[in-house]
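What follows is calculated from the coordinates using simple rules that are stated; it is not laboratory data. Please read all numbers here as calculations on a predicted model, not as lab measurements. Note that we place each Cβ from the backbone using ideal geometry, even for glycine, and neighbour counts take in every protein chain shown.
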Amino acid sequence: MKYALLFIVLIGVYSLFAGNANKEKYENSQVSNEDTQTAISPSQTDAEEKVLTENKTIRISAVGQGVAPVNTISPAQAYALAKRAAIADAYRIIAEKVKGVRVDGQDLVKNMMVQRSTVRTSVQAMIKNANIVETNFKDGLCEVEIEIVLSYSQFIQ
Amino acid sequence: MRSRDRDRSFLLSIYSIVLLHSLALSASEYLISYRYTVKDAILYNETLSISHAMKKCDEKNTFTKEELVLENGGITNLQTIISKNTNEFIDYIHKLGMHIQHKDLTVNLQNASTTVLTLKTSCFKVDFNDTFVRIVPLK
């Protein structure tokens, strides 16, 4: 009988400790959730700061990549041609960021199987006063970083 | 009957008109267009067209801030001067503004893209001096 009572008491004490431990664990998880939320919030504020409002400007930059053609007569020509292609790519990225992209998609399904999947994207824009910030040329690949400063009044036009 | 003083002032006005007209004529106008195509990240085609303007451009707005000065080295042909300073001139054209048209096609996960950058035919005022050439866009 004594052993039975002692056993019951031990179980009670164990369950009490186990309950406290679970409570602490739950509280800790709550704190960690809060921490992650606070960790996310600065990036959210950054995103908010990037909204273009009146009397403010936004600096938009893009890195374009271009490859030199195979049949070049000199490394200098390869560099010049690859740079031109990289500039066009950077312009395209800036246009996509500022103006957005038009996307058209078409899937052909026959007998429950995709026969042909087509995605067309296009962008048209006019870009002025773009500055070349950095140019790198390595292993036939040219990377050009371009930036534009966009003001509210210019964007409205 | 006209007095001698009146004749003198009349001649002076004629001379001044001729002088001003000749000064204006020394600055010639050119039409320039530029276009290049990039296919799958490789430059495919590039065209730079330069031509004398057959008819006078509208000179209401000249943007002197956007002028380009190139050394001419005694040459009076604009095309030759630009071909000797191609990189400078193309950077300058990019600053003025380029129209971009990009098309991308993905068929069964295989991608092909075409980007065309264009400077539509624009009028430029070109001043030839002893050692340099001044190019100003007219809009």
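General remarks:
- A Cβ distance below 6 Å, combined with a sequence gap of six or more or placement on separate chains, defines the contacts here; from region B:36-55, residues that are within 14 Å of chain A (Cβ to nearest Cβ) reach residues that are among the β-branched types (Val, Ile, Thr) and in a strand (DSSP E or B) in the pairs B:Thr37/B:Val116; B:Val38/B:Thr115; B:Lys39/B:Thr114; B:Ala41/A:Val67; B:Ile42/A:Val67; B:Tyr44/B:Thr37; B:Asn45/B:Thr37.
- Checking the stated criteria, B:Gln79 turns out not to satisfy the condition of being buried (at least 16 other Cβ atoms within 10 Å of the Cβ) and touching a residue at least 12 places away in the same chain (Cβ under 8 Å).
- Flag if A:Ala88 is closer than 27 Å to B:Tyr34 by Cα, within 11 Å of chain B (Cβ to nearest Cβ) and not β-branched (Val, Ile, Thr): yes
- Residue in region A:135-148 that is exposed (fewer than 13 other Cβ atoms within 10 Å of the Cβ), of a type in the set (Asp, Glu) and part of a strand (DSSP E or B) present: no
- Qualifying position, being loosely packed, with under 12 Cβ neighbours inside 10 Å and more than 19 Å from the chain's Cα centre (by Cα), among A:Met113, A:Met126: A:Met113
- In region A:59-79, the residues that are surrounded by 14 or more Cβ atoms within 10 Å (Cβ to Cβ) and more than 14 Å from A:Asn136 (Cα to Cα): A:Ile60, A:Ser61, A:Pro69, A:Thr72
- Condition met for B:Gln101 (in contact (Cβ under 8 Å) with a residue 12 or more places away in the chain, facing chain A (nearest Cβ under 8 Å), among the polar types (S, T, N, Q) and closer than 26 Å to A:Leu81 by Cβ): yes
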